1. Counting heavy atoms of the protein chains only and a 1.4 Å probe, report the per residue accessible area for chain A as a whole number of Å².
2. Hand me the GluC sites (Glu not before Pro) from the range A:7-110 located in a DSSP loop with no more than 15 other Cβ atoms within 10 Å, in residue order please.
3. Count neighbours as other Cβ atoms within 10 Å of each site's Cβ, and list the GluC sites (Glu not before Pro) in the range B:43-106 that are DSSP loop with at most 14 such neighbours.
4. If eta is 0.692 mPa s and T is 37 °C, what Stokes-Einstein diffusion coefficient results for the protein assembly as shown, Kirkwood Rh from Cα pairs, in µm²/s?
5. What is the P(r) of chain B, as percent of Cα-Cα pairs per 10 Å bin from 0?
6. Work out how far the C-alpha atoms of chain A reach from end to end along every principal axis, then list the three figures in whole Å, largest first.
7. For a quick check of your reading of the filter: which chymotrypsin sites (Phe, Trp or Tyr not before Pro) in the range B:8-60 sit in a DSSP loop and have no more than 14 other Cβ atoms within 10 Å?
8. Which whole-Hz ³J(HN,Hα) couplings does the range B:63-74 yield from phi under the Karplus relation 6.51 cos²θ - 1.76 cosθ + 1.60, θ = phi - 60°, glycine and proline marked x?
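The values are calculated or read from the model by the stated rules, or taken from the named source; none is laboratory data. Keep in mind that this is a model prediction, so the values were computed, not measured. Note: ideal-geometry Cβ built from the backbone for every residue, glycine included; neighbour counts use all protein chains shown. Only protein heavy atoms, including side chains, enter the accessible area calculation; ligands, DNA and RNA are left aside. Shrake-Rupley method; radii C 1.70, N 1.55, O 1.52, S 1.80 Å.
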Amino acid sequence: SQQGEEDPQALSIQEGENATMNCSYKTSINNLQWYRQNSGRGLVHLILIRSNEREKHSGRLRVTLDTSKKSSSLLITASRAADTASYFCATSRYGNKLVFGAGTILRVKS
Amino acid sequence: DVKVTQSSRYLVKRTGEKVFLECVQDMDHENMFWYRQDPGLGLRLIYFSYDVKMKEKGDIPEGYSVSREKKERFSLILESASTNQTSMYLCATTGLASSTDTQYFGPGTRLTVL
């Protein structure tokens, strides 16, 4: 069953702008992760935030988590054409199983 | 770096054929997963395995089976392929001893069933 839902479904921005993607989920979680998928390829792990964390940074990525609202956001600052990809959130409740959302398609125009 | 390989990038099969998709990982990881990915639906878990000869059903196991005879190899089997199994298939792996659930993915196999 689909746990996370990303919003928006698609996003188109100019190079240099910031991109924000949101993820909502339905049940309690251990952690939430964001993955990137370049066209027709496998997924690559970007960042993980635990349920007791509120914000995390990794390079140009900033992730926030609001467990009271059951939502997370991924911010990519100073976007580049190479950031063009699909972005997925995935939630973990127990064990090593993840539940993925449908993804946000990001297009960065140069 | 973890390396996960899948036997084919593209595969075209006919309805009713038996199809084998192979996944191999080089990190001695215990956990392996098979997903299918369809537009608008994200990734859906078909089967997963915590150990050799061990398997558990995911969310959409119907029409599929799996085999894990060796730790590094996890096979997905379509016993009798149907057109609604046309999809992108992704294999992933993660270590039981890992402190996170981060999954490492293969490049995917795009399967077309005619």
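1. Values: 5280 Å² over 110 residues.
On a per-residue basis, 48 Å².
2. Here the GluC sites (Glu not before Pro) that fit, given the DSSP loop and packing criteria, are A:Glu15, A:Glu17, A:Glu53.
3. B:Glu62, B:Glu79
4. On the way: Rh = 17.9 Å.
For the chosen part, D equals 183 µm²/s.
5. The percentages, shortest bin first, are 15, 50, 30, 5, 0.
6. That works out to 41, 27, 20 Å along the principal axes.
7. Answer in residue order: B:Tyr50.
8. So the J values, rounded to whole Hz, are x, 10, 9, 9, 9, 9, 8, 10, 4, 7, 10, 9.
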